1. Which of the residues spanning the stretch 95-134 are assigned to a loop (DSSP other than H, G, I, E, B), of a type outside the set (A, V, I, L, M, F, W, C) and more than 16 Å from the ligand (Cβ to nearest atom)?
2. Does Leu280 fit the bill of being more than 12 Å from the ligand (Cβ to nearest atom) and at pLDDT 95 or above?
3. Based on this model, can you work out whether Pro116 counts as closer than 22 Å to Gln256 by Cβ, crowded, with 17+ Cβ neighbours inside 10 Å and of a type outside the set (S, T, N, Q)?
4. When the residues of the stretch 240-259 are filtered to those that are of a type outside the set (A, V, I, L, M, F, W, C) and in a helix (DSSP H, G or I), which remaining residue is nearest to the ligand (Cβ to nearest atom)?
5. Do any residues in the stretch 100-111 that are under 18 Å from Ala89 (Cα atoms) have Cβ atoms under 7 Å from those of residues that are part of a loop (DSSP other than H, G, I, E, B), where the two are at least six apart or on different chains, and which pairs are they?
6. Would a scan of the stretch 260-279 turn up a residue that is within 20 Å of Val413 (Cα to Cα) and in a helix (DSSP H, G or I)?
7. Hey, any hits in the stretch 296-311 for a residue that's within 16 Å of the ligand (Cβ to nearest atom) and over 20 Å from Leu332 (Cβ atoms)?
8. Under 19 Å from Ile325 (Cβ atoms), surrounded by 12 or more Cβ atoms within 10 Å (Cβ to Cβ) and among the basic types (Lys, Arg), is that true of Lys110?
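The values are calculated or read from the model by the stated rules, or taken from the named source; none is laboratory data. Since the model is a prediction, treat every value here as computed from it, not as a measurement. Here Cβ is always computed from backbone atoms with ideal geometry, including for glycine, and neighbour counts include all displayed protein chains.
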Amino acid sequence: MIRQQQYAIVPNIRTPLPGPNATQLIHMDEQYLSPSYTRVYPLVVKRGKGAAIEDVDGNIFLDFTAGIAVCSTGHCHPCVVSAIQRQAAELIHMSGTDFYYAPQRDLAVKLAHIAPGKSPKKVFFSNSGAEAVEAAFKLARYHTKRSHMISFFGGFHGRTMGALSLTGSKVIQRRGFSPLVPNVIHLPYGHQDGISIETHLTNLFRRTVSPDDVAGIIVEPIQGEGGYIVPPAEFLFQIKETCEKHGILLIADEVQSGMGRTGKMFAIEHWGIEPDIICLAKGVASGMPLGAIVAKADVMDWPRGSHASTFGGNPIACAAALETIRLLEEELMVNAADVGTHLIDELFKLKSRHRMISDVRGIGLMVGMELRDPKTGEPTSKEREDLIQRCFQHGLLLLGCGESTVRFCPPLVITREDVKTAVNIVSSMLTEMEAELEPELHSSVNG
Ligand SMILES: Cc1ncc(COP(=O)(O)O)c(C=O)c1O
């Protein structure tokens, strides 16, 4: 059963947005919370069920964000809630760093078995994506005894110092925080500059860095924050080949693309590649804070005391993750593949009707729709933001990524009916915007 609980009508907007309760909360939030948070629109959430979000004024939204690709099994899936409640009644914390407990062991066994490739695996637990990336960075240096890392423009790996050094997404994320961790080199992602990654790496190794100084190459199999970009097939194969040739570790950052979102447990499985280290977080525990790296057992060779985390692999988060994986394997990965293909088809149909859409791309329920200015044909972040705001006002929750892309990363419980609702809202908002931007063209098309 894909959907557990549902509101009768989704979306259902009853007040102007933000409503009175939301307005009051936002006012205090602005006084007391860090101004660094991005905050896209004034949504103040009260509760969530499946793919529906209810705000503090009783408005119901259809959620195509899943809390930034996190609530993989939908909001408050009853099986996940029960697993959390059972575990909370038994043991909340004892620190997996110093002591043993079954949920952490059980989840490590499960992750080691579902990770791609035949090599035996070991798992390290963290609380977030950035911490998983930190762990991968440190392990790569430790294992290889090399200092350099290669990552990609557009790549997002988190905001702690090490992860931020690997991030190459938006300059606001790095500006003012230097010096970052040295010896990180960014290269273009996915042949976007028309030059193969093989050529870039060959140039790099010939002119500036010896490959035997490179510990790891960290790559998102599908770039997330950078714009939901699916690289051409040879990109990841060429990276894998280079890594094997020079003893460099291949680190797949699957924090966003992993845990069933693309219709396979890990996006890199679409290319049949076994990485040396996989970074996980977001979808792994349906919203409980949990990150992990899964590494080849012979790579995870750091000694006792060299790396640890007080809260990482907390029993409740592990119990939620075990239940999440069970649900993904039972039906949600298949649903992500099926409904994701349907969503992409529907967005392509939309593209044929709306000149503002320049591209539709993605795999499973990791889908991007890029916008352009209908007059200049240039990518447009302004119209992208406008579309997202209008959709919010009509009860559809979306986020942006990259410069001009709308991202669709709903919970994996969404149905074809939800896709129809979402695509209809996007379509009517685009029609409205196009009519405002190009009144002459619109009246002649409609006349
Ligand atoms: C691919 C990727 N890696 C790492 C991170 C960082 O995760 P967190 O925000 O949990 O630190 C993100 C977050 O968006 C991500 O998309």
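1. Matches in the stretch 95-134: Ser95, Gly96, Thr97, Asp98, Tyr100, Tyr101, Pro116, Gly117, Lys118, Ser119, Pro120.
2. no
3. Considered against the rule, which asks whether it is closer than 22 Å to Gln256 by Cβ, crowded, with 17+ Cβ neighbours inside 10 Å and of a type outside the set (S, T, N, Q), Pro116 comes out as yes.
4. Lys240
5. Tyr101/Leu91; Tyr101/Met94; Gln104/Gly96; Gln104/Gly313
6. So far as the stretch 260-279 goes, yes, one or more of its residues are within 20 Å of Val413 (Cα to Cα) and in a helix (DSSP H, G or I).
7. The answer is yes; a qualifying residue exists.
8. yes
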